[in-house]
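Report on the following structure.
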Amino acid sequence: MRLFISVTAKDGGSMFELYPGLIIDILNFAHELRLFTILPTVYLAICQGAMMPDVLFHGVRRPDGSMAELSLQAKLTCASGSILLQQAEKQKSFKWMTELPVPSCMLTKAESRCARGGRHIFYDQFYDAAKLTYGFEPWRASWGDLLCKSCRKMSEAKHETGRYELWKFVPTAFGFGDWESLVNFV
Ligand SMILES: [Zn+2]
């Protein structure tokens, strides 16, 4: 086990110092101690990190020059989990973007402003690569500005429900079943 945490005494207290590679050390630590309940969250943090996918290929250099690296199994788990979550966010958090206008849309034209708004948001969301972070983010007011009141209200509700479903899916995406079945030290 190797987990560096630099503790610095300041004014009688202490603080933990974050360092590059810490999240990888935490993951390896959690595997070693069989802390299954935190593993999905740690995997997600790695997959959402700015260093992906370099972290899979090269690892991360710690301040002391050593390398923090994932095991082969952990790399495969990150890769497959990322793909499954990217697919899931389109079916959960962002599904409302493809369902506009809603039946009660206040703009009755066949090619309504809300349908165009939905396409604009969808394009804007997925043009800038696939970043897992977005599917977990709350509703953005700027999305609502492109929709009528009815479409905005229904889409926001769908987005919140979808975010919850996406979070529920996280452990399954990384091969751990569901949240309720996770138990430490098994
Ligand atoms: Zn509408």
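The values are calculated or read from the model by the stated rules, or taken from the named source; none is laboratory data. Everything numeric here is computed off the predicted structure, so don't read it as measured data. Cβ placement follows ideal geometry from the backbone for every residue including glycine, while neighbour counts extend to all protein chains displayed.
Here is how the numbers come out for the structure above:
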quantity: Breaking point among (1) among the charged types (D, E, K, R); (2) touching a helix residue (DSSP H, G or I) at 6+ places or on another chain (Cβ under 6 Å); (3) within 10 Å of the ligand (Cβ to nearest atom), for residue 89; calculated: (3)
quantity: Only one of 68, 45 that is of a type in the set (Gly, Ala, Ser) and more than 14 Å from the chain's Cα centre (by Cα); calculated: 68
quantity: Residue 136 more than 11 Å from the ligand (Cβ to nearest atom), over 30 Å from residue 34 (Cβ atoms) and not β-branched (Val, Ile, Thr); calculated: no
quantity: Filter pass, residue 149 being of a type outside the set (A, V, I, L, M, F, W, C), in the same structural domain as residue 164 (by TED's automatic domain parsing) and either within 16 Å of the ligand (Cβ to nearest atom) or touching a helix residue (DSSP H, G or I) at 6+ places or on another chain (Cβ under 7 Å) (or both); calculated: yes
quantity: Failed item in (1) within 27 Å of residue 177 (Cα to Cα); (2) in contact (Cβ under 8 Å) with a residue 60 or more places away in the chain, with residue 87 passing the rest; calculated: (2)
quantity: Residue 163 being assigned to a helix (DSSP H, G or I), buried (at least 19 other Cβ atoms within 10 Å of the Cβ) and among the basic types (Lys, Arg); calculated: yes
